[in-house]
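Following: one structure in structure tokens, then a few remarks.
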């Protein structure tokens, strides 16, 4: 059974704060890692697809890094805004195309 | 262009009845996934279709669940003899191919079994 963990489970920050959270996944048989943002009453939206060790992706104020050797990825949000409030999901894919989502980190940005 | 669509958006059914949930993926996407989110839970993988290959059914919770994908496009998830624990939001997603391509999610079907 593939185990994908995310921490923290939930996070409350003030508008303007920068924050980060972690996705931990198996370090063997890595194929790809996805990050999604899931806002309440909407469907998950893709943020990043990461495939290479040392990869760093950026989209506006959000960035992510990847360490496949130790099995973790960080998601960073710079200058959090209320519209960043959502659940952030990571998903691990192995070479067998097994696709496992983590439980998510619920972010609340307070104005 | 059109995104992933799902129907119905809401379905209320009595325990023991069968239900069919439909997913129309983005045109040209060869990979299609079904997930469900039960109350207070994360996303649970159910089944994965890739092109003409045999589907990965490893996530289906019981033999009451089945899915098919006709012509490599539209997919139907069928739940037979529904139980109250089947109540959840069922999400469908599609992608260009498998794992390295981002998934595009539909709006989901909220199933309530009374």
Quiz item: In the stretch B:100-114, what count of residues is obtained for those that are over 18 Å from residue B:44 (Cβ atoms) and either more than 15 Å from the chain's Cα centre (by Cα) or more than 8 Å from chain A (Cβ to nearest Cβ) (or both)?
Solution: 4
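Pull up the stretch B:88-99, narrow it to residues that are more than 7 Å from every other protein chain (Cβ to nearest Cβ) and part of a strand (DSSP E or B), then point me to the one that is nearest to residue B:75 (Cα to Cα). Steps first, answer last, please.
First, the residues of the stretch B:88-99 that are more than 7 Å from every other protein chain (Cβ to nearest Cβ): B:88-90, B:92-97.
Narrowing the set further to residues that are part of a strand (DSSP E or B) leaves B:88-90, B:92-95.
On the way: B:88: 18, B:89: 16, B:90: 13, B:92: 9, B:93: 11, B:94: 11, B:95: 14 Å.
Within the stretch B:88-99, the match that is nearest to residue B:75 (Cα to Cα) is B:92.
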Practice problem: Confirm whether residue B:81 is more than 10 Å from the chain's Cα centre (by Cα), in a strand (DSSP E or B), over 30 Å from residue A:50 (Cα atoms) and touching a residue at least 12 places away in the same chain (Cβ under 8 Å). | Solution: no
Self-check item: Given (1) touching a strand residue (DSSP E or B) at 6+ places or on another chain (Cβ under 6 Å); (2) part of a loop (DSSP other than H, G, I, E, B), number of the condition residue B:63 does not satisfy
Solution: (1)
Quiz item: Tell me, which strands (runs of 3 or more DSSP E) lie completely within the stretch A:1-109 with 3 or more residues that are touching a residue at least 40 places away in the same chain (Cβ under 8 Å), crowded, with 17+ Cβ neighbours inside 10 Å and on the phi < 0 side of the Ramachandran plot?
Solution: A:19-24, A:30-38, A:72-77, A:86-94
Quiz item: When only residues in the stretch A:92-111 that are within 8 Å of chain B (Cβ to nearest Cβ) and more than 16 Å from residue A:27 (Cβ to Cβ) count, which is modelled with the highest pLDDT?
Solution: A:104
Self-check item: Search result, residues across the stretch B:56-85 that are within 11 Å of another protein chain (Cβ to nearest Cβ) and crowded, with 18+ Cβ neighbours inside 10 Å
Solution: B:56, B:59
Quiz prompt | Pairs, first within 17 Å of residue B:68 (Cβ to Cβ) and at the interface with chain A (Cβ under 10 Å from one of its Cβ atoms) in the stretch B:40-53, second in a strand (DSSP E or B) and at pLDDT 80 or above, C-beta under 6 Å, six or more apart | solution = B:48/B:33; B:48/B:56; B:50/B:31
Exercise. Kindly check whether there is at least one residue in the stretch A:38-55 that is modelled with pLDDT under 95 and away from chain B (no Cβ under 14 Å).
Key: yes
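Report whether or not residue B:114 is surrounded by 13 or more Cβ atoms within 10 Å (Cβ to Cβ) and touching a residue at least 40 places away in the same chain (Cβ under 8 Å).
Values: surrounded by 13 or more Cβ atoms within 10 Å (Cβ to Cβ): no; touching a residue at least 40 places away in the same chain (Cβ under 8 Å): yes.
For residue B:114, the condition - surrounded by 13 or more Cβ atoms within 10 Å (Cβ to Cβ) and touching a residue at least 40 places away in the same chain (Cβ under 8 Å) - is not met.
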Quiz item: So which strands (runs of 3 or more DSSP E) stay within the stretch B:1-57 end to end and still have 1 or more residues that are under 20 Å from residue A:97 (Cα atoms) and modelled with pLDDT of 90 or more?
Solution: B:31-37, B:44-50
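The values are calculated or read from the model by the stated rules, or taken from the named source; none is laboratory data. These figures come from a predicted structure and were not determined experimentally. Don't worry about glycine lacking a Cβ; one is built from the backbone with ideal geometry, like all the others, and counts go over all protein chains shown.
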